[in-house]
1. If I histogram all Cα-Cα distances within region A:197-351 using bins 5 Å wide from 0, what percent of pairs lands in each bin?
2. List the extent of the Cα atoms of the protein assembly as shown along each of their three principal axes, largest first, rounded to whole Å.
3. Given the pairs A:Lys338/B:Lys159; B:Lys40/B:Lys213; A:Lys331/B:Lys159; B:Lys213/B:Lys287; B:Lys41/B:Lys310, which are separated by over 24 angstrom at their Cα positions?
4. In nm², what is the average projected area of the convex hull enclosing the Cα atoms of region A:17-188?
5. In terms of Cα to Cα distance under 24 Å, which lysines are near enough to A:Lys316, apart from those fewer than 8 places away along the same chain?
6. I need the inter-copy label distances for A:Gln170: point set 7 Å along Cα to C-beta, values in nm with one decimal, smallest first.
7. Of A:Leu72, A:Ser132, A:Ser254, whose Cα points farthest to the positive end of the dipole of the protein assembly as shown (charges on the beta-carbon: +1 Lys, Arg; -1 Asp, Glu; origin at the Cα centre)?
8. Please report the orientation-averaged projected area of region A:130-261, defined via the convex hull of its C-alpha atoms, in nm².
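Just so it is clear, none of the values below were taken in a lab; they were calculated from the coordinates. Predicted model only: the values in this text are computed from it and were never measured. Positions of Cβ are generated from backbone atoms using ideal geometry, with glycine treated the same way; all protein chains shown enter the neighbour counts.
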2 protein chains.
Amino acid sequence: MENQDVLQAQGGRAMFACGGQSVKFPVPVFIRESASVVGKKEGQGPLAELFDMVGEDDLFGCNTWEEAESGLQRDALHLALSKAGLHSTDLRYLFAGDLLGQSIATSFGLAQFERPLFGLYGACSTCGLALSLGAMAISGGFAEYAGCVTSSHFASAEKEFRFPLGYGSQRPLSATWTVTGSGAFILSGSRGSRSRAVITGITPGRIVDFGVKDSLNMGSCMAPAAAGTIQQNLQDFGRRPEDYDRIVTGDLGSVGQRALLDLLLERGVDISAQHMDCGIEIFDAKKQDTHAGGSGCGCSAVVLSAYILKQLEEGKWKRILFVPTGALLSKTSYNEGKTVPGIAHGVVIEHVE
Amino acid sequence: MENQDVLQAQGGRAMFACGGQSVKFPVPVFIRESASVVGKKEGQGPLAELFDMVGEDDLFGCNTWEEAESGLQRDALHLALSKAGLHSTDLRYLFAGDLLGQSIATSFGLAQFERPLFGLYGACSTCGLALSLGAMAISGGFAEYAGCVTSSHFASAEKEFRFPLGYGSQRPLSATWTVTGSGAFILSGSRGSRSRAVITGITPGRIVDFGVKDSLNMGSCMAPAAAGTIQQNLQDFGRRPEDYDRIVTGDLGSVGQRALLDLLLERGVDISAQHMDCGIEIFDAKKQDTHAGGSGCGCSAVVLSAYILKQLEEGKWKRILFVPTGALLSKTSYNEGKTVPGIAHGVVIEHVE
């Protein structure tokens with residue numbers, strides 16, 4: 001049962017906005033191919049065998065962590081293109097971002113593809129942002145192929161947001177471990193031979209600020225935003241949690257997961273049977289000492305590419321809601337005593353026969 | 001004469017991609033209203049009387065430069081909404097960004113509007129990025145109204161990219177002065193009573209790296225990207241420079257302008273009669289000691305809102321190409337000895353009767 005609160009056509013154009021903040025695409029957008037590249041630690045975790053490429057050390061042959069992260073993006077996009085049998089010139093537009101100040105991993109990682117670039121910043125939600133805007137561009141008829149790329153790197157992120165690695169700072173159990181990895185996705189309006197996963201709708205998220213200031217408990221900072229986006233998605237599309245095989249958050253980790261489930265239960269929504277978190281899946285938290293789980297805008301991207309899309313392509317899952325979550329802080333905002341607001345962007349992905 | 005190299009429709013959808021990297025919108029997107037808020041220095045420049053709001057001091061009553069910049073975004077969007085007679089709930093999506101690490105001016109500036117936010121980063125080209133994606137969302141039928149907001153602040157930018165203001169560092173004459181200001185734009189598929197300016201096409205830009213490393217000569221860093229986007233736009237739409245009343249770059253300044261004109265002349269394109277640069281217009285460089293001109297993603301936004309759109313609305317200009325330019329660097333990339341690549345996003349804006 002779709003929510004019928006669809007905007008009226010204006011100025012001669014059909015409106016595909018549905019409900020309060022979602023879009024239902026008139027024609028589904030195919031995820032033609034994807035690729036995942038990860039670091040050494042991710043290659044020792046539970047999903048190790050599913051990734052396309054695992055680095056032997058996290059510098060990937062580069063001189064700096066930032067260059068290594070740029071290399072991750074480059075490798076992921078090259079791989080996705082080659083799987084799809086496409087050349088970079090086939091991509092009309094790139095939608096990409098990372099966690100670093102001024103998105104330098106993206107700028108230096110994707111320049112050599114020489115494609116028009118829409119630079120994005122949504123903290124760890126950026127994979128959802130890229131897929132949403134990429135799908136809009138395809139569905140609106142503005143591009144035949146679009147590439148969506150995001151990355152994060154443990155060491156570049158620690159340097160950007162926390163302390164020099166050499167300090168060996170201790171971390172509370174609520175902290176997450178930034179994933180070293182990049183995922184790339186090729187979207188298209190046409191199917192190609194193998195595509196079995198399509199984006200059918202999006203629920204772009206609002207900034208939600210519950211006043212949490214602890215940047216070492218980002219799960220709790222982001223859970224309210226995830227709850228808001230999930231609830232809005234169910235409402236806009238007239239769905240119940242069981243209409244999804246999985247409702248997948250990006251990097252809430254075990255602490256944020258508890259907060260999310262509780263927040264939604266308070267509002268009468270029980271997603272405990274469907275909920276899955278990429279940050280919880282990617283590491284064996286106890287054995288790998290990653291505390292609450294993985295995080296970073298590479299985390300949800302590589303788990304989507306390596307694990308989730310495979311379930312959809314094989315038809316084990318028919319429909320999922322992918323909700324990468326972002327914590328909107330910087331060194332400066334933290335030092336100035338600001339809160340850490342969250343944002344979460346929802347993408348509906350379905351299996352097609 | 002439109003370039004006929006239009007992509008074939010795929011999967012049942014019409015394709016509006018034109019030429020190598022541009023989009024020609026099937027139905028023009030109205031710029032319903034806009035607003036500009038600037039700092040004290042901008043309010044003493046040649047465009048002083050055109051801005052909607054001028055601050056008395058650059059803290060705007062806040063405790064930090066970053067909060068002041070967030071306030072600029074908030075004020076600009078409030079003003080634009082009120083001019084348009086709209087409420088924030090009328091905006092389906094926001095497209096916004098700034099220059100600070102992790103875009104905190106935007107996160108803390110726009111959260112209270114409680115609208116879904118697409119966070120963007122394109123350095124000083126972000127106004128073009130926001131208008132391009134906003135126009136795609138409107139033209140594709142995904143939103144009835146969209147808000148596009150960008151900002152910069154002299155003091156927050158100096159802190160982010162250069163030296164503490166207290167050092168009183170000297171600046172070379174090629175340096176630009178970051179504009180304290182924010183521009184907000186309300187896009188819609190429907191006209192409203194007063195709209196006289198429409199977005200008819202876009203040419204999203206690629207990253208162009210000529211190997212320049214001098215972050216105090218950003219005009220030269222960005223000029224190659226601007227040249228590429230302008231040349232591509234002319235080619236994709238089958239136009240000559242004289243088909244535009246103005247070709248407006250964002251913040252090349254006087255040094256970058258020379259580089260741009262020379263680069264294009266080398267390729268047989270003479271835009272000297274049409275070229276205008278927002279960074280050159282906003283300050284009286286000699287009297288105001290701003291060296292090569294203004295810069296920042298507030299610069300092109302406030303000049304577009306306060307000056308350029310007025311010429312289009314009054315019909316003095318019929319068609320312009322707006323090309324905000326961005327320098328893709330961070331403190332970290334600079335310290336690691338990287339180059340400063342550029343990017344420039346082109347937006348075609350026309351007068352309608």
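1. Result, from short to long distances: 2, 10, 19, 23, 20, 14, 7, 3, 1, 0 percent.
2. The Cα atoms of the protein assembly as shown stretch 65, 57, 46 Å along the principal axes, largest first.
3. Pairs exceeding 24 Å: B:Lys40/B:Lys213; B:Lys213/B:Lys287.
4. 11.4 nm²
5. Output for A:Lys316: A:Lys24, A:Lys83.
6. 5.1
7. Of the candidates, A:Ser132 comes out farthest on the positive side.
8. 10.3 nm²
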